[in-house]
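Asker: One structure is given below, represented as structure tokens, and several questions about it will come after.
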Amino acid sequence: MCSSDLDGMDADALFAKVGEIAAANPGNRCTKYLTREIFDSFDDTAKAVLFRCAKTGIDNADSGLGCYAMQPNDYSTFGKFFDPLIRDYHGAAADAKHITDWDASGVGEGGVLDVTKLGLDELSMRVRVGRNLKKYNLPGMMDKAERIDFEKTMLGAFKALIDNPDYGGAIYSLTPEFADGEANPNLISTEKYDELVKAHVLFKDMDADPFLKSAGIASDWPYGRGCWQSTDGQCIIWFGEEDQLRIMCMKKGTLLNEVFDRLNAMLKVVEAIEGIEFAISDDYGYVTSCPSNLGTGMRASVHVKIPNLTKDGTDTRAKEIAGPLGLSVRGTGGEHTPIGADGTVDISPQSRLFIKECEIIEKLYNGVKLLMEAEQAEGGGAAPAAAPAAAGGPYDGMDADALFKKVGEIAAANPGNRCTKYLTREIFDSFDDTAKGVLFRCAKTGIDNQDSGLGCYAMQPND
Ligand code: ADP
Ligand code: DAR
């Protein structure tokens with residue numbers, strides 16, 4: 001095995017590094033489960049692939065999972081590594097097997113999940129699944145040629161949808177040109193791309209995500225990236241993101257069933273198209289790049305306003321409430337983005353694997369019910385009170401000395417946290433008290449969430 005397969009390290013150096021990361025980052029499941037014994041049980045070719053699976057967790061010590069599969073069979077091939085890691089992350093028994101079930105007829109009231117029953121008006125709702133064709137590598141292992149070939153394979157499937165009166169639609173591709181200079185008839189302008197990202201129809205450049213970048217999932221951008229969208233705008237299929245495909249339905253409404261049922265119907269149409277065969281594991285259900293998405297590959301989300309639980313401008317309190325309810329809180333731009341200035345957040349169940357699809361959509365409905373009750377309680381049942389002055393110092397109860405003691409501790413334990421890396425006492429003291437208060441709000445997320453990669457958000461356009 002040549003050292004270039006292990007980023008210039010030999011196996012001894014690699015596992016010395018793995019051990020150091022594991023000792024300092026017990027939450028990094030990659031370095032927890034990647035042992036020398038497992039690694040040495042494979043031949044050199046397999047070792048190189050296993051390293052590529054684990055590279056993101058070695059490059060990003062603050063990873064929670066720290067790995068992505070490179071090929072659809074990797075979860076089986078490298079089961080000695082992946083299986084305990086997967087069951088740890090998903091809190092599953094050693095013998096748990098995934099079951100697929102979209103039958104939502106028994107959920108809610110007569111199978112209807114109506115958010116107006118929760119006191120909510122029309123809201124933005126979305127259900128997406130990750131899917132990968134078994135005949136291709138997963139995005140982390142694809143080269144430019146394979147990414148283009150995959151896009152061209154999907155053009156046939158998109159044509160079947162475009163020709164179907166229930167869907168119609170158009171293809172929006174970022175690929176500058178196909179192989180041998182062949183022109184791409186679906187290439188869109190930068191302006192159109194920006195418009196589609198702003199409308200949550202297309203995805204951001206993945207280079208901004210250090211986890212995906214390390215894994216090779218963001219490589220060859222923008223070749224083999226884009227989406228198909230139905231004529232009514234509610235059905236979307238991304239190609240070339242973290243999974244080969246992200247298939248979704250999204251609309252504003254009050255019945256969660258509408259996006260759930262329509263996605264189920266669309267998946268049946270797509271899976272019936274010639275040449276479309278999704279990778280499925282006997283143990284883990286639908287195969288995805290990230291072990292977090294295995295099983296259903298489903299994230300079902302709504303955008304809700306919770307001004308009381310976000311009255312400090314961050315998602316900290318909302319996460320304290322949502323976590324025990326099995327809900328994730330994301331920003332209005334999705335993973336790793338800020339919450340809305342009006343308190344709008346993206347809420348979705350955390351579970352993807354060893355849970356049925358119908359249970360996920362019901363979990364979303366019941367979770368939002370409990371979250372909105374907590375929102376009301378937080379606000380005393382009335383309009384949100386002004387943020388209470390912090391007891392003690394002005395920075396979440398800390399004075400500047402205590403704040404920078406904490407910043408130093410976080411920086412030492414989390415070298416990937418750029419907020420605590422660049423927020424120095426000298427910089428902080430160079431501002432007046434008003435500006436210090438705003439700068440603290442910019443940095444609070446990185447201080448509250450040590451595993452942040454950036455760890456900061458601007459509060460004002462001129463920040
Ligand atoms: P994924 O949901 O595929 O894991 P993200 O969390 O990054 O990835 O979300 C992808 C895009 O979908 C983002 O632009 C995000 O704002 C958007 N999105 C997710 N849920 C909703 C929703 N309920 N309504 C509108 N947009 C949404
Ligand atoms: N941050 C990486 C990935 C976590 C799950 N998010 C995905 N798949 N987009 C980690 O290992 O913590």
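The values are calculated or read from the model by the stated rules, or taken from the named source; none is laboratory data. Source: prediction; values computed, not measured. Don't worry about glycine lacking a Cβ; one is built from the backbone with ideal geometry, like all the others, and counts go over all protein chains shown.
Asker: Using the structure shown, decide if L403 is more than 30 Å from E426 (Cβ to Cβ) and either within 16 Å of ligand 1 (Cβ to nearest atom) or modelled with pLDDT under 95 (or both).
Answerer: On the way: more than 30 Å from E426 (Cβ to Cβ): no; either within 16 Å of ligand 1 (Cβ to nearest atom) or modelled with pLDDT under 95 (or both): yes.
It is false that L403 is more than 30 Å from E426 (Cβ to Cβ) and either within 16 Å of ligand 1 (Cβ to nearest atom) or modelled with pLDDT under 95 (or both).
Asker: Something else now. Does M125 count as crowded, with 22+ Cβ neighbours inside 10 Å and farther than 30 Å from I361 by Cβ? Talk me through it step by step, then tell me what you get.
Answerer: Working: crowded, with 22+ Cβ neighbours inside 10 Å: yes; farther than 30 Å from I361 by Cβ: no.
Judged against the criteria, M125 is not a match.
Asker: Considering only region 226-244, how many residues are closer than 17 Å to L187 by Cβ and touching a residue at least 40 places away in the same chain (Cβ under 8 Å)? Break it down into steps so the answer makes sense when it comes.
Answerer: Initial filter on region 226-244 (closer than 17 Å to L187 by Cβ): 226-229, 238-240.
Then drop every residue that is not touching a residue at least 40 places away in the same chain (Cβ under 8 Å), which leaves 226-229, 239-240.
The total comes to 6.
Asker: For region 288-322, give me the residue count where each residue is assigned to a loop (DSSP other than H, G, I, E, B) and closer than 14 Å to G343 by Cα.
Answerer: 10
Asker: Go through region 208-256 and count every residue that is over 14 Å from the mean Cα position of the chain (by Cα) and modelled with pLDDT under 95.
Answerer: Of the residues in region 208-256, 0 are over 14 Å from the mean Cα position of the chain (by Cα) and modelled with pLDDT under 95.
Asker: Next question, about the same structure. Taking the conditions exactly as written (within 14 Å of ligand 1 (Cβ to nearest atom) and in contact with a helix residue (DSSP H, G or I) (Cβ under 7 Å, 6 or more places away or on another chain)), does C290 satisfy them or not?
Answerer: no
Asker: How many of the residues making up region 323-359 are in a loop (DSSP other than H, G, I, E, B) and in contact with a His (Cβ under 6 Å, 6 or more places away or on another chain)?
Answerer: 2
Asker: Checking L34 against (1) within 16 Å of ligand 2 (Cβ to nearest atom); (2) closer than 23 Å to A300 by Cα; (3) in contact with a helix residue (DSSP H, G or I) (Cβ under 9 Å, 6 or more places away or on another chain), which test does it fail?
Answerer: (2)
Asker: Which ones in region 297-342 are of a type in the set (K, R) and more than 17 Å from F203 (Cβ to Cβ)?
Answerer: The answer is K305, K311, R317, K319.
Asker: Would you mind stating whether L309 is more than 23 Å from S63 (Cα to Cα) and either within 16 Å of ligand 2 (Cβ to nearest atom) or not hydroxyl-bearing (S, T, Y) (or both)?
Answerer: Yes: the conditions hold for L309.
For (1) more than 26 Å from M142 (Cα to Cα); (2) acidic (D, E); (3) within 16 Å of ligand 1 (Cβ to nearest atom); (4) under 19 Å from the mean Cα position of the chain (by Cα), each residue gets a yes or a no:
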{"residue": "A54", "(1), (2), (3), (4)": "no, no, no, yes"}
{"residue": "A61", "(1), (2), (3), (4)": "no, no, no, yes"}
{"residue": "L65", "(1), (2), (3), (4)": "no, no, yes, yes"}
{"residue": "A69", "(1), (2), (3), (4)": "no, no, no, yes"}
{"residue": "Y75", "(1), (2), (3), (4)": "no, no, no, no"}
{"residue": "F78", "(1), (2), (3), (4)": "no, no, no, no"}
{"residue": "K97", "(1), (2), (3), (4)": "yes, no, no, no"}
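Asker: Hey, any hits in region 338-345 for a residue that's within 24 Å of V107 (Cβ to Cβ), within 16 Å of ligand 2 (Cβ to nearest atom) and not polar (S, T, N, Q)?
Answerer: Let us first name the residues in region 338-345 that are within 24 Å of V107 (Cβ to Cβ), namely 345.
From what is left, the residues that are within 16 Å of ligand 2 (Cβ to nearest atom) are none.
No, the conditions are met nowhere in region 338-345.
Asker: Restricting attention to region 446-463, report how many residues are in a helix (DSSP H, G or I) and modelled with pLDDT of 80 or more.
Answerer: Selection size over region 446-463: 2.
Asker: A follow-up question, please. Can you tell me which of (1) away from ligand 1 (no atom under 11 Å from the Cβ); (2) on the phi > 0 side of the Ramachandran plot is the one H336 doesn't meet?
Answerer: (1)
Asker: Mind listing just one residue for me: the one in region 293-310 that is among the polar types (S, T, N, Q) and either touching a helix residue (DSSP H, G or I) at 6+ places or on another chain (Cβ under 6 Å) or closer than 30 Å to E378 by Cβ (or both) and, of those, surrounded by the most Cβ atoms within 10 Å (Cβ to Cβ)?
Answerer: T296
Asker: Still on this structure, I have one more. Residue pairs, Cβ under 9 Å, 6 or more apart or interchain, first in region 414-441 and modelled with pLDDT under 85, second among the basic types (K, R) and surrounded by fewer than 17 Cβ atoms within 10 Å (Cβ to Cβ). List them.
Answerer: These pairs meet every condition: N414/K421; P415/K421.
Asker: Scan (1) farther than 27 Å from N60 by Cα; (2) more than 14 Å from ligand 1 (Cβ to nearest atom); (3) not β-branched (V, I, T) for the single condition K144 breaks and write down its number.
Answerer: Checking K144 against (1) farther than 27 Å from N60 by Cα; (2) more than 14 Å from ligand 1 (Cβ to nearest atom); (3) not β-branched (V, I, T), the one that fails is (1).
Asker: Cβ-Cβ below 6 Å, separation at least six or inter-chain, first residue in region 111-140 and touching a residue at least 24 places away in the same chain (Cβ under 8 Å), second part of a strand (DSSP E or B) and away from ligand 1 (no atom under 12 Å from the Cβ): which pairs?
Answerer: D114/L255; R131/F278
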